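**Student:** Could you have a look at this structure, given as structure tokens, before my questions?
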Amino acid sequence: MSVGVYSRVMDQSVSQGLPLLKNDAGKPALCLVTGATGYIGGRLVVELLKHGNRVRVLARNADRLKDHPWIDQVELSEGDAHDPEVLSKAMSGVDVAYYLLHALMSKDDFENEEREMAVGFGEAAKTAKVQRIVYLGGIIAPNEVMSPHLQARAETGEILRASGVPTIELRAGVVIGSGSASFEMLRYLTERLPIMTVPKWVNVRIQPIAVRDVLRYLVGSSSLKPEVSGVFDIGGPEIFTYKEMMQQYAEAAGLPRRIIIPVPVLTPRLSSGWVGLVTPVPYTLAKRLVISLRNEVVAAEDKIRSLIPDPADGLTPFKKAVQLALTKIKEASVVTRWTDASMPGTPSEPLPTDPDWAGGSLYKDVRVVNSPDGIEEVWKRVEAIGGENGYSLATWAWEVRGFIDKIFGGVGLRRGRRDAIHLQVGDALDFWRVEEIERPKLLRLRAEMKMPGLAWLEFSLEKDTNSNGTIVTQTATYAPKGLLGHAYWWSVWPMHGLVFPSMAKNVAFAKKR
């Protein structure tokens with residue numbers, strides 16, 4: 001990583017202003033991160049590296065980490081966390097061990113599995129003389145019957161604290177960030193249902209917290225004094241009911257106010273099935289999350305803030321956290337390649353190893369064509385697209401779409417081009433705007449037509465190593481806005497089979513004269 005990129009990454013760290021723990025040899029602390037293929041773990045690795053720590057990652061399947069941009073900057077320990085030998089090796093020389101393991105997706109006795117993992121982890125940490133364990137659990141409401149999920153989380157904390165290793169147990173409620181299961185459930189329910197009947201748990205109070213603030217507490221916990229140990233609730237600056245939180249999300253996402261009607265007859269089983277139907281969150285996970293939502297999750301105290309100070313701009317308000325989490329549908333982030341940067345810009349952004357259902361709905365149409373022509377020749381055709389040059393043999397279809405756009409007050413197709421051959425960033429191109437050019441490899445256009453969502457059209461060129469030709473990849477990306485956005489995509493989908501293949505061939509092959 002270059003010095004310039006490293007400096008930029010450091011400036012973006014959520015852990016700025018926090019002390020760095022060093023071991024007896026004067027080196028930055030070696031931190032073991034478990035659960036790195038999970039939502040919090042993958043982002044914590046990034047923040048620990050930004051903070052200057054050394055990081056070792058324990059993963060059952062190391063192949064699942066290969067797409068992470070930080071993989072070459074960490075030590076990798078592979079194996080099952082249930083295996084004492086694996087844990088012993090992973091703990092060797094470690095100063096701080098982060099426990100981010102859970103068995104929430106296990107179909108059978110996940111509670112007992114979590115107990116066994118915690119016992120083994122605590123014993124291995126004590127044997128290896130680890131200075132501190134940091135564990136992220138869930139807020140426990142006093143005097144309430146806990147769900148099996150929250151009960152298991154609480155017992156895990158008790159086991160780790162009883163290990164003899166100083167342990168910081170951070171308890172959070174709903175974490176707001178793209179990829180968090182609780183946030184994705186909130187996202188999909190709110191975006192897809194403008195009118196909904198919901199269970200009575202929508203009136204339960206919740207104190208959500210932005211993932212960037214969770215990560216700050218996790219990083220800050222590593223350097224607390226050894227005598228500091230115990231349970232600490234962490235929460236954001238606002239408290240809502242789940243119903244209010246859905247309305248706040250809709251407002252932050254630019255959606256109309258939702259009509260939400262609580263229905264007391266919806267049981268946890270029925271609620272889970274309903275969530276599983278409306279959202280892509282797996283049923284097993286949805287069921288355990290839904291059952292947990294009957295419990296109030298509000299921080300009982302905030303003593304952690306006296307130990308780990310708030311960032312300069314304070315804890316993140318809910319709406320700002322939502323807006324940060326929606327980076328996948330912002331113009332700069334939809335088609336950003338993870339290989340273009342050393343690390344993701346913000347912890348709210350989706351990671352390449354997040355589950356497929358994370359990050360919000362994003363529709364894509366990808367066409368790959370092998371051209372016999374060299375990359376420079378193909379690039380000329382890519383850069384000349386649109387205007388009087390047209391798009392494909394199906395240019396008439398684009399003209400129809402432009403006419404419809406005009407009817408609804410859009411710019412239509414007839415803005416044409418500034419120049420018949422060359423483009424530059426910012427140029428208007430019919431109802432597109434040139435967003436990025438990297439000659440002779442990439443052209444990205446952003447749609448400015450009227451539609452319930454955001455759309456991009458991208459052409460990327462790559463030299464075919466098996467010939468002197470070029471591999472042309474044409475990608476149409478659409479980020480829907482609300483239920484109408486999804487309906488729009490499927491209403492125009494039949495035209496894609498006609499328009500997109502023709503357009504890809506138009507740039508891949510020279511026109512016959």
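None of the figures in this text is laboratory data; all of them are computed from the coordinates on show. Quick caveat: nothing in here was measured; it's all calculated off a predicted structure. Don't worry about glycine lacking a Cβ; one is built from the backbone with ideal geometry, like all the others, and counts go over all protein chains shown.
**Student:** For the range 184-235 and the range 424-441, what is the centre-to-centre distance using only Cα atoms, to the nearest Å?
**Tutor:** So the separation of the two Cα centres works out to 40 Å.
**Student:** If you don't mind, there's one more thing I want to ask. What's the extension gain from Trp493 to Ser92 if we count 0.36 nm per residue and subtract their Cα-Cα distance?
**Tutor:** On the way: separation 401, 0.36 × 401 = 144.36 nm, distance 5.49 nm.
Stretched out fully, the Trp493 to Ser92 stretch lengthens by 138.9 nm.
**Student:** Beyond a 28 Å Cα-Cα separation, which of these cross-linked pairs lie in this structure: Lys450/Lys511; Lys364/Lys441; Lys89/Lys303; Lys50/Lys319; Lys50/Lys225?
**Tutor:** Beyond 28 Å between Cα atoms: Lys450/Lys511; Lys89/Lys303.
**Student:** Still on this structure, I have one more. Quick one: net charge of Glu78's neighbours, Cβ under 10 Å, K/R +1, D/E -1? If you can, show how the numbers build up before the last one.
**Tutor:** Working: positive: Arg60, Lys89; negative: Asp63, Asp80.
Once positives and negatives cancel, what remains is 0.
**Student:** Quick one: net charge around Ala250, please, counting Lys, Arg +1 and Asp, Glu -1 for every other residue with C-beta under 12 Å from its C-beta.
**Tutor:** My count for the surroundings of Ala250 gives +4.
**Student:** What percent does the relative contact order of the range 3-329 come to when contacts are Cα pairs within less than 8 Å and at least six residues apart?
**Tutor:** 18
**Student:** Taking the Cβ-Cβ separation of Gln424 and Asn23 as r and a Förster radius of 56 Å, what is the calculated FRET efficiency to the nearest 0.05?
**Tutor:** So, using R0 = 56 Å, E works out to roughly 0.60.
**Student:** In whole Hz and in residue order, list the ³J(HN,Hα) couplings for the range 435-450 that follow from phi through the Karplus curve 6.51 cos²θ - 1.76 cosθ + 1.60, θ = phi - 60°; x for Gly and Pro.
**Tutor:** Here the 3J(HN,Hα) series is 9, 7, 10, 9, 5, x, 10, 8, 9, 10, 10, 10, 6, 10, 6, 6 Hz.
**Student:** Between beta-carbons, use under 9 Å as the cut-off and find the net charge around Leu457, counting Lys and Arg +1, Asp and Glu -1.
**Tutor:** Neighbour charge sum, excluding Leu457 itself: +1.
**Student:** Please give the peptides 440-452, 206-218, 36-48, 464-476 ranked by average Cβ packing (other Cβ atoms within 10 Å per residue), highest first, as a rough proxy for protection.
**Tutor:** Working: 440-452: 18.8, 206-218: 26.2, 36-48: 24.5, 464-476: 16.5.
Highest mean packing first, the order is 206-218, 36-48, 440-452, 464-476.
**Student:** What does the highest-first list of 223-229, 58-64 look like by mean Cβ count within 10 Å?
**Tutor:** On the way: 223-229: 12.9, 58-64: 16.3.
In descending order of packing, they fall as 58-64, 223-229.
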